[in-house]
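The values are calculated or read from the model by the stated rules, or taken from the named source; none is laboratory data. Remember, predicted model here, so these are calculated numbers, not experimental data. Glycine also receives a Cβ, built like all others from the backbone with ideal geometry; neighbour counts cover every protein chain displayed.
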Ligand code: GLN
């Protein structure tokens with residue numbers, strides 16, 4: 001299995017570290033060629049506006065849209081969730097989102113940097129005995145989800161981990177937690 005981490009901007013190195021720790025040699029994806037070679041992709045946190053512009057500049061937007069439409073298993077975290085969503089509120093004009101998860105998200109919906117926080121997140125996955133330590137940094141708020149979205153975790157009634165088909169997205173940063181269950185679970189999905 002070849003796992004890619006979109007490495008245009010943001011916290012891709014931390015995802016690589018978790019994947020490497022799990023015995024998976026993750027590859028950095030910056031070109032359409034590199035994207036074509038992966039079986040699975042992580043889209044990290046960072047700045048969704050910057051990642052969106054860099055996807056365009058690197059000729060990756062259309063190939064990524066095609067891979068996602070083709071069912072590429074993908075994990076998007078924070079900015080990655082914004083990119084996977086179907087609607088972005090408070091984005092910049094022309095900001096990309098790929099609609100792999102039918103959700104409307106508000107950028108920085110939990111507030112600015114100073115409002116970043118940690119909270120235990122109860123995840124609906126069989127066999128999980130304890131909450132996942134959620135780290136929220138200028139996180140997006142999921143304002144609505146479509147009928148095909150499975151909400152795997154909520155915080156105060158707001159979805160924070162969502163799945164649609166082979167796409168899964170969190171508003172928090174699992175790569176910053178000392179807990180690799182979400183990455184492990186992602187790697188095990190068909
Ligand atoms: N606020 C950022 C954005 O809009 C996301 C923050 C993050 O990924 N930690 O892209």
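For the reader, a short list of remarks on this structure follows.
- Scanning the stretch 94-116 for residues that are in a loop (DSSP other than H, G, I, E, B), over 14 Å from the mean Cα position of the chain (by Cα) and over 14 Å from residue 48 (Cβ atoms) yields a total of 4.
- Identity of the residue in the stretch 36-59, more than 12 Å from the ligand (Cβ to nearest atom) and assigned to a strand (DSSP E or B), that ends up surrounded by the fewest Cβ atoms within 10 Å (Cβ to Cβ): 40
- Test: residue 80 is within 9 Å of the ligand (Cβ to nearest atom), farther than 29 Å from residue 188 by Cα and buried (at least 16 other Cβ atoms within 10 Å of the Cβ): no
- Residue match in the stretch 129-142 (condition: within 22 Å of residue 71 (Cβ to Cβ), out of contact with any strand residue (DSSP E or B) (no Cβ under 8 Å at 6 or more places or on another chain) and modelled with pLDDT of 95 or more): no
- Residues that are within 11 Å of the ligand (Cβ to nearest atom) and closer than 21 Å to residue 67 by Cα occur at least once in the stretch 156-176.
- Of the set (1) within 16 Å of the ligand (Cβ to nearest atom); (2) exposed (fewer than 14 other Cβ atoms within 10 Å of the Cβ); (3) within 25 Å of residue 152 (Cα to Cα), all apply to residue 94 but (3).
- Output for the stretch 123-138, where each listed residue is surrounded by 15 or more Cβ atoms within 10 Å (Cβ to Cβ) and either closer than 25 Å to residue 165 by Cα or over 16 Å from the mean Cα position of the chain (by Cα) (or both): 123, 132, 133, 134, 135, 136
- Within the stretch 26-59, the set of residues being touching a helix residue (DSSP H, G or I) at 6+ places or on another chain (Cβ under 8 Å) and free of Cβ contacts under 8 Å to residues at least 24 places away in the same chain comprises just one member, 26.
- Residues that are in contact (Cβ under 8 Å) with a residue 40 or more places away in the chain, part of a strand (DSSP E or B) and either under 24 Å from residue 17 (Cα atoms) or under 14 Å from the mean Cα position of the chain (by Cα) (or both), drawn from the stretch 142-175: 142, 159, 161, 162, 163, 164, 167, 168, 169, 170
- Within the stretch 60-77, considering residues that are without any contact (Cβ under 8 Å) to a residue 60 or more places away in the chain and out of contact with any helix residue (DSSP H, G or I) (no Cβ under 8 Å at 6 or more places or on another chain), the one nearest to the ligand (Cβ to nearest atom): 65
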